[in-house]
Every structure is written in structure tokens, then in C-alpha cells.
Amino acid sequence: MSIARNIAPHLPYLRRFARALEGAQSGGDAFVAATLEALIADPSAFPADLTPRVALYKVFVKLWTSANGKTKAFRGLALSDALQRNLEAITPISRQAFLLHAVEGFGLGEIAAILDCAPERAEQLLDEAGREIADQMATSVLIIEDEPIIALDIESMARDLGHEVTGVARTHREAVSMVRTRPPGLVLADIQLADGSSGLDAVNEILTEINVPVIFITAFPERLLTGDKPEPAFLITKPFRPETVKAAISQALFFDRKAGKVGTKKTA
């Protein structure tokens, strides 16, 4: 199959990435066009050992970097003012890694291949992006988790990113009480709690009182991923990797995705 046919399905997504990275539709589209022209001129530049999508993004990033892409005034995009400000908060190299992960959905190994670096460096860039985002939008975090060691790990990750942890709730009642005492800017919640109560019920009650982004961290994702609506925007499965939690925190704040009530799978 020709390179053109291989990359055609991925071009709309590359344009999305390019516009966000460059800071304007015209600039992003120009870089995509330049990428296609480069491949026409030298088909051997297309890495045959990578999947077509990863290879296409790798060629684009190499060209964009060689052209010394700089931070722009993020205008002309179909983005909210908040997202435009958030993009400006991230330096170009960290922005590449963050957008590849948060917007394009690439995994750590794929990001490393696209940016031509070790996976450890890709992970470092994502962490740097998270810190840069936190510098601009540090917030208060409520953790709903009944396992002390896990709660401590999550608390440490949130603090590493520059956020303040206002409390750790072990039960539905504690969570609601803490929110009423001090409303958080972000909630990280398990769904099965110490006294048999439900973190899901706690979150849904919290959402009747405040509008806040929520990240579920659970060993039982099937209870939330039912195929019915609504489902959570952010769901992390235990056991988790620290970088996964940090990336989810950064994404939730970056995109400012407020939660709606979430349903759960009914069992007999």
C-alpha cells in the first residue's frame, strides 16, 4: 500500500495536533502541507518500522522542530479562552508530549518514537507539562480513598504537581462533609469505600452541590464502563502507574472538564 493511502485516514487528526501545537489554523495547516511535500520529495523519510500514524507524526514533529516552531498567541482556533491560556503555559517540547498524549491518545512508547527520545525522557516531558500546567492552575484536591497506602501515594502525586490536598475521605459521609467544609477544585475518587459505602454515590451527591472535575481511580472499571451514558471522562484502573495519575490530573485541569452524574452497572 502506498504512503498516501496509509496516512490519509490520519491527516484530519494530524491537522488538529498541528493547529494546537502551532497556535493557529493557518500555521498548523501549512506545516501539515509541508510534511506531505517532504514525503512526496523523499518517500524514504517515512519510517517503515513504525505504524503509519506514529510514522506520520514523527515526520511532522521532526519538520516542525527543525523549523524552530515557537509559541504563538493562541488565536484562530476553535478553543475556549481557558484552553488557549493553558496552551501558552506549556513550553514547546513539553507541549508536544502533552498534546500527543492528552489530545491524540498516544502511549508513552509511541510518544518516545515520535519525539525520537527514550521512554524515560517522554515520561519526563509529560511530568514537566503537568508541572507547568499546575503552576498556572494549581488547585485544591479532595481524595476519596479508603486504603491508606494508596491514598498516601495519590496525595504525594498531587502535591508533586503543586496542588494542595484538602483532605482524604474514607467514606461517603466523610467526603460530602469535607466538600461542604471546603469545596475542592478537583476530586479523585475510588468507588468502593471502607464502610461499604460508594464513592460513586458520594461523587454524585457532591455534584449536586458543586461543579468540579472528577477522576475515578478504581479496581472495578467495569462498574463504570457499562456502555450506557453517562460515563466518567477520566477513569484510571488499579493498580496504576504514577505517571498515569499525574497525566489525568493535568488533563482534567487543562481541559477543565466538569463532571456530570455518572451511572453504574446494575447487578442482580
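The values are calculated or read from the model by the stated rules, or taken from the named source; none is laboratory data. Quick caveat, the model's predicted, so the values are computed rather than measured. Positions of Cβ are generated from backbone atoms using ideal geometry, with glycine treated the same way; all protein chains shown enter the neighbour counts.
If you take just the helices (runs of 4 or more DSSP H) that sit entirely in segment 1-41, which of them hold at least 3 residues that are modelled with pLDDT under 85 and within 21 Å of the chain's Cα centre (by Cα)? Give the steps one after another, and end with the answer.
Numbers: elements: 3-7, 11-22, 25-41.
It comes to 11-22.
Checking segment 169-182 against the condition returns a match, with at least one residue being over 17 Å from the mean Cα position of the chain (by Cα), surrounded by 15 or more Cβ atoms within 10 Å (Cβ to Cβ) and basic (Lys, Arg). Which pairs turn up if I take residues in segment 180-191 that are outside the structural domain of Leu152 (by TED's automatic domain parsing) and look for partners that are crowded, with 24+ Cβ neighbours inside 10 Å and assigned to a loop (DSSP other than H, G, I, E, B) with beta carbon separation below 6 Å, at least 6 apart in sequence or on another chain? Listed by first residue and then by second, the contacts come to nothing, as the list is empty.
Just to be sure, is Glu128 free of Cβ contacts under 8 Å to residues at least 60 places away in the same chain and assigned by TED's automatic domain parsing to the domain that holds Pro92? Full working, then the answer.
Values: free of Cβ contacts under 8 Å to residues at least 60 places away in the same chain: yes; assigned by TED's automatic domain parsing to the domain that holds Pro92: yes.
In short, yes.
For segment 245-268, the set of residues classified as surrounded by 15 or more Cβ atoms within 10 Å (Cβ to Cβ) and either modelled with pLDDT of 80 or more or among the basic types (Lys, Arg) (or both) consists of Val245, Lys246, Ala247, Ala248, Ile249, Ser250, Ala252, Leu253, Arg257, listed by residue number. You will find that of Ala45, Ala38, Ala30, the residue that is of a type in the set (A, V, I, L, M) and in contact with an Asp or Glu (Cβ under 9 Å, 6 or more places away or on another chain) is Ala30 and no other.
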